[in-house]
Amino acid sequence: MCSRRGAEALVAQGEVWVNGKPAVAGQKITPGIDKVTVSGKPVRGTSQPRITVAVHKPRGLVCSNEDPHHSATVFDLLPREFSRLRFFCAGRLDLDSEGLVILTTDGDLAHRLMHPSNVVVKRYHVVLKSPFTAGRLPQLIRGVVIEGERLKVERAALINADAGGTSTDLDVHMHHGRKREIRQLFLQLGHEVKRLRRYQIGALQLKGIPLRAGKVLSNKEISALFLNPKTPHARYEAYAISRSKDSASTGKLNED
């Protein structure tokens, strides 16, 4: 431990590194997730109990500890006895979305859930303002490029499609997820999202957790976050097929 001036001096001297890069004055870090070293030695924060909670986020809450524009956060859903602990949000939902969110004091777990090398599949129920046709489902798999980044999903299926193969409701799966990616993807295809609800992460379901409530997860339930159970085939669906580890995925349309 040292004074603020002492810390600033160490930063200026290049002795402080964050995630393998030199730190800069005023840089913010997330304890438990960001790796900080001083003079080559790792800095460890104060230990706290490892607690992981699955909460049912309503619309209107942000998934951030620090948002000057919104005082109501998903952390308000935690029980009062957890108020002294530092929780991380492992996979955010935007202000207008709802559903399953994982909050944890375990920085390593949060890192595993969010790191792109770990395939953690999130499943969403998407409601559009206008009907989506079955023939366009492969476009969701191929994706669109916005500002140099390809936005796409791994599976998309129509829910309760009509006789013409159209529906405003879709089941969408993805394992990466950038900010508002699903909304931007549909918008680029000419469809505005009316409602977005995450109902499952891995094999852990939202079912049974009331709106604005939470559930402390057991070790078995935490492990379920990293599973990817098979999904029954839908009449109208498209999904990614990986030809090899080094090749891009392509979309396959099922219209049984």
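Numbers at a glance
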| quantity | calculated |
| --- | --- |
| Enumeration of residues in the range 38-58 that are farther than 30 Å from Ser223 by Cα and without any contact (Cβ under 8 Å) to a residue 24 or more places away in the chain | Gly40, Lys41 |
| Candidates Tyr199, Tyr124 - the one that is buried (at least 17 other Cβ atoms within 10 Å of the Cβ) and of a type in the set (Ser, Thr, Tyr) | Tyr124 |
| Condition met for Phe82 (touching a residue at least 40 places away in the same chain (Cβ under 8 Å), aromatic (Phe, Trp, Tyr) and surrounded by 11 or more Cβ atoms within 10 Å (Cβ to Cβ)) | no |
| Residue match in the range 159-174 (condition: small (Gly, Ala, Ser), under 19 Å from Pro229 (Cβ atoms) and touching a residue at least 60 places away in the same chain (Cβ under 8 Å)) | no |
| Restricting the range 139-158 to residues that are closer than 16 Å to Arg183 by Cβ and small (Gly, Ala, Ser), the residue that is surrounded by the fewest Cβ atoms within 10 Å (Cβ to Cβ) | Gly143 |
| Count - residues of the range 121-155 that are under 26 Å from Gly202 (Cβ atoms) and outside any strand (DSSP E or B) | 10 |
| Close pairs from the range 206-230: first modelled with pLDDT under 95, partner surrounded by 13 or more Cβ atoms within 10 Å (Cβ to Cβ) and assigned to a loop (DSSP other than H, G, I, E, B), Cβ under 6 Å, at least 6 apart | Asn228/Val121; Pro229/Ala203 |
| Pair list, Cβ < 6 Å and 6+ apart or interchain, from the range 176-188 residues that are touching a residue at least 12 places away in the same chain (Cβ under 8 Å) to residues that are surrounded by fewer than 18 Cβ atoms within 10 Å (Cβ to Cβ) and aliphatic (A, V, I, L, M) | Gln188/Val144 |
| Extreme residue, surrounded by the most Cβ atoms within 10 Å (Cβ to Cβ), among residues of the range 96-120 that are part of a loop (DSSP other than H, G, I, E, B) and β-branched (Val, Ile, Thr) | Val120 |
| Flag if Thr105 is over 28 Å from Glu154 (Cα atoms) and in contact (Cβ under 8 Å) with a residue 60 or more places away in the chain | yes |
| Odd one out for Pro210, checked against (1) more than 24 Å from Ser130 (Cα to Cα); (2) surrounded by 16 or more Cβ atoms within 10 Å (Cβ to Cβ) | (2) |
| Positions within the range 7-24 being at pLDDT below 85 and within 26 Å of Phe87 (Cα to Cα), in sequence order | Ala7 |
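Matching residues to (1) in contact with a Leu (Cβ under 7 Å, 6 or more places away or on another chain); (2) not assigned by TED's automatic domain parsing to the domain that holds Leu196:
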| position | (1), (2) |
| --- | --- |
| Leu95 | no, yes |
| Gly99 | yes, yes |
| Leu113 | yes, yes |
| Leu137 | yes, no |
| Gly148 | no, no |
| Ile159 | yes, no |
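The values are calculated or read from the model by the stated rules, or taken from the named source; none is laboratory data. The shown structure was predicted, so the numbers you read here are calculated from the model rather than taken from an experiment. FYI the Cβ positions are ideal-geometry reconstructions off the backbone, even for glycines, and counts take in every protein chain you see.
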